[in-house]
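Below is one structure, written out as structure tokens, with a few remarks after it.
The values are calculated or read from the model by the stated rules, or taken from the named source; none is laboratory data. Only a predicted model underlies this, so the values are computations on that prediction, with no experimental measurement involved. When we count neighbours, we look across all protein chains shown, and the Cβ atoms used for this are built from the backbone with ideal geometry, even at glycine.
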Amino acid sequence: MSKVTLKELARELNMSVSTVSKALNDSYEISEATKQRVKELASKYNYRPNALAKNLKLGRTNNIGVIISTIGSPFQAQIIEALHRASVRFDFNLIMMQSQDSEEIERKALNTLINHGVEGLLISPAFENSNIDLLSHLHKTTCPIVLFDRINYNIDTFKVGVNNEKSIYRAAEELFKIGRKKIAILCGKNIGVTKDRLKGYRKALEDYHIDFNPSYIIYCDYNNSLEGIDSDMETKLTQLLHSEQAPDAVLGTTDTLTTRVLGVLSKLNIQVPEDLAVIGFANTDIAESLNPSLSTIRQPTFEMADIAIEKLINLIESKNRSQIDVHEILLDSTIQLRKSTKQKLS
């Protein structure tokens, strides 16, 4: 017998399809002796139930939709791996999509996932308030939504990310310790982590009695290609470095900007750390192998993924979501100091 069906098992056992189905599902209506006969024959023919048909019958798909900005950064790649591991543990399937930091692409991704019958959504929004009306509507009427990473977003649900303000504050402190006080900060334009990371930067300057210089804030448009981001960064850094207020350090607020700035500075013949010290968010595993090795703020991707999946499943399985105390969960990052922030020799 090739791929055996439930009907074929029932015919060979001389039982009804309903009886065989109940026996395979350990129904109390079926005797232990009958269950044993059914399971022995199912094992003999390596019978496997049709999971899709079963889920449709139960009104379940066990699918979770995930929307991230891009798979192009080490952080996002690690998030994908971490979410996959967590979903397997909870016996859910993931359907992954990218927004490419575009509200239009994000909207299409949302509609595609809903049409595939996902039971819940995990999303790192393209930018603050992108598709907020659609997401709010889906969260209230269609399926629960949990935010991760970019959580500065006005939806009343679980939000799982890192303590962005504290992370940047601590990184700025490390630069102050090596005498760097003229710190340029690279930010993604309009993305949902920028506001809190800038808040940490401003607070560090204030607490250490260092004047704030608005020209040190460099915004890069994430709607550009990577080459476009590099070009934009190069133009703005060149202008700043040739000004009377040239910085002595660069602080990156995203994985993409932090990992790419070393190449841009090398192109400009800027020595790191002699001319500029560099530190920033970067989950890349090759930070130690870069030239110079890159000081990084590292986010706890696996912990973030575990919590986000767990909270979403709690919402999916709850009979009354309004009774769940949804809240923001902020995780601590870690800092690894390497040669890019090495102190100058006097």
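Check whether at least one residue in the range 302-321 is in a strand (DSSP E or B) and either touching a helix residue (DSSP H, G or I) at 6+ places or on another chain (Cβ under 6 Å) or within 20 Å of Tyr216 (Cα to Cα) (or both), and report yes or no. So far as the range 302-321 goes, no, none of its residues is in a strand (DSSP E or B) and either touching a helix residue (DSSP H, G or I) at 6+ places or on another chain (Cβ under 6 Å) or within 20 Å of Tyr216 (Cα to Cα) (or both).
Restricting Ile286, Ile335 to residues that are of a type in the set (Val, Ile, Thr), surrounded by fewer than 20 Cβ atoms within 10 Å (Cβ to Cβ) and modelled with pLDDT under 95 narrows the list to Ile286.
Considered as a group, the residues in the range 260-275 that are in contact (Cβ under 8 Å) with a residue 60 or more places away in the chain and over 14 Å from Arg338 (Cβ atoms) include one that is surrounded by the most Cβ atoms within 10 Å (Cβ to Cβ), and that residue is Val261.
Surrounded by fewer than 22 Cβ atoms within 10 Å (Cβ to Cβ), in a helix (DSSP H, G or I) and either at pLDDT below 95 or polar (S, T, N, Q) (or both) - does that describe any residue in the range 164-172? Before you say what the answer is, go through the steps one by one.
To start, the set of residues in the range 164-172 that are surrounded by fewer than 22 Cβ atoms within 10 Å (Cβ to Cβ) comprises 165-166, 169-170.
In the following step, the residues that additionally are in a helix (DSSP H, G or I) were identified as 165-166, 169-170.
If we keep only those that are either at pLDDT below 95 or polar (S, T, N, Q) (or both) as well, we get none.
Within the range 164-172, not a single residue is surrounded by fewer than 22 Cβ atoms within 10 Å (Cβ to Cβ), in a helix (DSSP H, G or I) and either at pLDDT below 95 or polar (S, T, N, Q) (or both).
Entry remark, the range 20-33: residues being at pLDDT 85 or above, surrounded by fewer than 17 Cβ atoms within 10 Å (Cβ to Cβ) and either of a type in the set (Asp, Glu) or not in a loop (DSSP other than H, G, I, E, B) (or both) number 2 in total.
Looking only at the range 311-319, decide whether some residue is polar (S, T, N, Q) and under 20 Å from Ile68 (Cα atoms). Looking through the range 311-319, none of the residues is polar (S, T, N, Q) and under 20 Å from Ile68 (Cα atoms). Number of residues in the range 127-163 that are surrounded by 15 or more Cβ atoms within 10 Å (Cβ to Cβ) and outside any loop (DSSP other than H, G, I, E, B) equals 13.
In the range 227-248, the count of residues that are within 27 Å of Glu103 (Cα to Cα) and either in a loop (DSSP other than H, G, I, E, B) or of a type in the set (Phe, Trp, Tyr) (or both) is zero.
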